[in-house]
Every structure is written in structure tokens, then in C-alpha cells.
Amino acid sequence: MPTYEALPRFSSDLDRLTPEQRRKFRQTVTAFVEDLRTGGRFRAGLRVKRVQRAPGIYELTWSMGTGPAGRATWQYGAALRPNTPHVIWRRIGTHDILTGP
């Protein structure tokens, strides 16, 4: 099972989401974690890609129903357990978070 941590800014962003938006994020993370466990090749539906002009930072995108898509930025951190990915969650919200990923 991959390990993770959340930066304080991520936690603040998460608190501002509606309960439905948080639920959709948790559903997306379930698939994200499954892909990490099986080798880190992400399914196309997760839309994982590097953030431009932000080395080592990635974004994960999902549908939040009506309105703009949900996004979370993250990076790999130093492994806390051998051969186990460690994810550092950086921001969560809409496209606006990409101004300070």
C-alpha cells in the first residue's frame, strides 16, 4: 500500500470542497492507489500528467459533475518503506490551483 502525506495547503483546499466534491476525490484516489500498487502505470481516465514549469509535480484530474473538473497536484517523496511509492499531496480544487501547484 503506497504511503502519503498532505501539505497544509492541500488540507486547507480540501476543507473548502463540498462533501460531494470530497467524495468524488476519494473515489478517484481509490483508482489512483490501485494503479500505484500495480506498478504506477496510470489508467487514462485518471488523466495524470506533469504540471508544466513545475518539475516533479503532477496533476490528477477527475469530473466533479457540473462545473469545472477537479484537480489535485502531487509529487513523489522519499519512500518510507522499501519499494513503496510515497505521494505528497500539494493542492486540490479546480484549474485555479495550477497557478501555485
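A few points about this structure:
- Of residues in region 6-29 being under 11 Å from the mean Cα position of the chain (by Cα) and open to solvent by 40 Å² or more (accessible area, probe 1.4 Å), the one farthest from I97 (Cα to Cα): R26
- Some residue of region 78-89 being small (G, A, S) and under 15 Å from the mean Cα position of the chain (by Cα): no
- Number of the exception - Y58 against (1) at pLDDT below 95; (2) hydroxyl-bearing (S, T, Y); (3) closer than 20 Å to R26 by Cβ; (4) surrounded by 12 or more Cβ atoms within 10 Å (Cβ to Cβ): (1)
So that you can scan it fast, the table gives a plain yes or no per residue for (1) of a type in the set (K, R); (2) without any contact (Cβ under 8 Å) to a residue 60 or more places away in the chain; (3) farther than 22 Å from R41 by Cα:
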{"position": "R53", "(1), (2), (3)": "yes, yes, yes"}
{"position": "G56", "(1), (2), (3)": "no, yes, no"}
{"position": "L60", "(1), (2), (3)": "no, yes, no"}
{"position": "S63", "(1), (2), (3)": "no, yes, no"}
{"position": "W74", "(1), (2), (3)": "no, yes, no"}
{"position": "R81", "(1), (2), (3)": "yes, no, no"}
{"position": "T84", "(1), (2), (3)": "no, no, no"}
{"position": "R90", "(1), (2), (3)": "yes, no, no"}
{"position": "D96", "(1), (2), (3)": "no, yes, yes"}
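- With respect to the conditions (1) at pLDDT below 90; (2) loosely packed, with under 12 Cβ neighbours inside 10 Å, A69 falls short on a single one, namely (2).
The values are calculated or read from the model by the stated rules, or taken from the named source; none is laboratory data. Just so it is clear, the structure is predicted and the values come from calculations on it, not from any experiment. All Cβ positions, glycine included, derive from the backbone under ideal geometry; neighbour counts span all protein chains shown. Note: accessible area is taken over every heavy atom of the protein model, side chains too, but ligands, DNA and RNA are not part of it. Shrake-Rupley method; radii C 1.70, N 1.55, O 1.52, S 1.80 Å.
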